[in-house]
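Undergrad: Sharing a structure, written as structure tokens. Questions coming.
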Amino acid sequence: MSAADDLCTTDTERAALQRLRELVGADGSPMESHCVRVFELTLELARRGHRQVDRELLLVAAFLHDAGLYLSERHGPYVTDGRRLAAEIGEQHGWSPTRIARCADVIEHHHEVLPQWARGDEVELLRRADMVDVVPPSRLAFGPDRAFVRELLARVPRKGFHRHIAGMVGNELRRRPASVPTIFRPPRS
């Protein structure tokens, strides 16, 4: 079992992980590891900030936040397509419309330039966690302490992640260059 499997405690979480694996085409991919790190970083940021969050919602969002990159048929920016994936899974598992919307917002707004606290703690915390995993934490004004990050990277290394994500972004630029700016400022819902 992988680190991602170990995190899953509900059928909804397992369904989101399975969907990610179907799209990526492998268990334990660099993207799956990124999703695990983002989830754990989000929980740590919530703990440090004394914020109550919906764990299941966050894990589903973490697994699907970049999944739109892997869809063969796309309808909008990849974050919007990822939003649709999360909504489908939430509906299939009986989530309330409010909970589905929150999970979808986490995904669609995880690259926003400005803080997203008004959309909910989960939205802003995952946005920050994604940055911590991609950008060296020493360059950010927030984030968990270095010991936490070192321990996390020892358990779930970034091996191949930056090369993988650079390839995915490069594909996005070649296939749909006009969609790239909207990733950082998606259409308002």
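Undergrad: Quick one: plug the Kirkwood hydrodynamic radius of the chain (C-alpha pairs) into Stokes-Einstein at 37 °C, 0.692 mPa s, and report D in µm²/s.
TA: After rounding, the answer is 200 µm²/s.
Undergrad: Within 15 Å, Cβ to Cβ, of M1, how many net charges do the neighbouring residues add up to if Lys/Arg are +1 and Asp/Glu are -1?
TA: Neighbourhood net charge equals -2.
Undergrad: For the chain, with every protein chain kept in place, what is the accessible area per residue (1.4 Å probe, Å²)?
TA: I get 48 Å² per residue for the chain.
Undergrad: Within 10 Å of each candidate Cβ there may be at most 16 other Cβ atoms; applying that plus a DSSP loop requirement, which trypsin sites (Lys or Arg not before Pro) in segment 3-58 survive?
TA: R51
Undergrad: Additional query: Pick from P177, P30, P144: which is most flexible by mean-square fluctuation in a GNM of the chain where alpha carbon atoms under 10 Å apart are linked?
TA: So, out of P177, P30, P144, the one fluctuating most is P177.
Undergrad: Where does the chain land at 222 nm, in deg cm²/dmol rounded to the nearest 500, when only DSSP H runs of n ≥ 4 count, each adding -39500 (n - 2.57), divided by all residues?
TA: It lands at -19500 deg cm²/dmol.
The values are calculated or read from the model by the stated rules, or taken from the named source; none is laboratory data. Everything numeric here is computed off the predicted structure, so don't read it as measured data. Methodologically, a virtual Cβ is constructed for each residue, glycine included, from the backbone with ideal geometry; neighbour enumeration extends over all protein chains shown. What goes into the accessible areas is simple: the full protein's heavy atoms, side chains included, and nothing from ligands, DNA or RNA. Shrake-Rupley method; radii C 1.70, N 1.55, O 1.52, S 1.80 Å.
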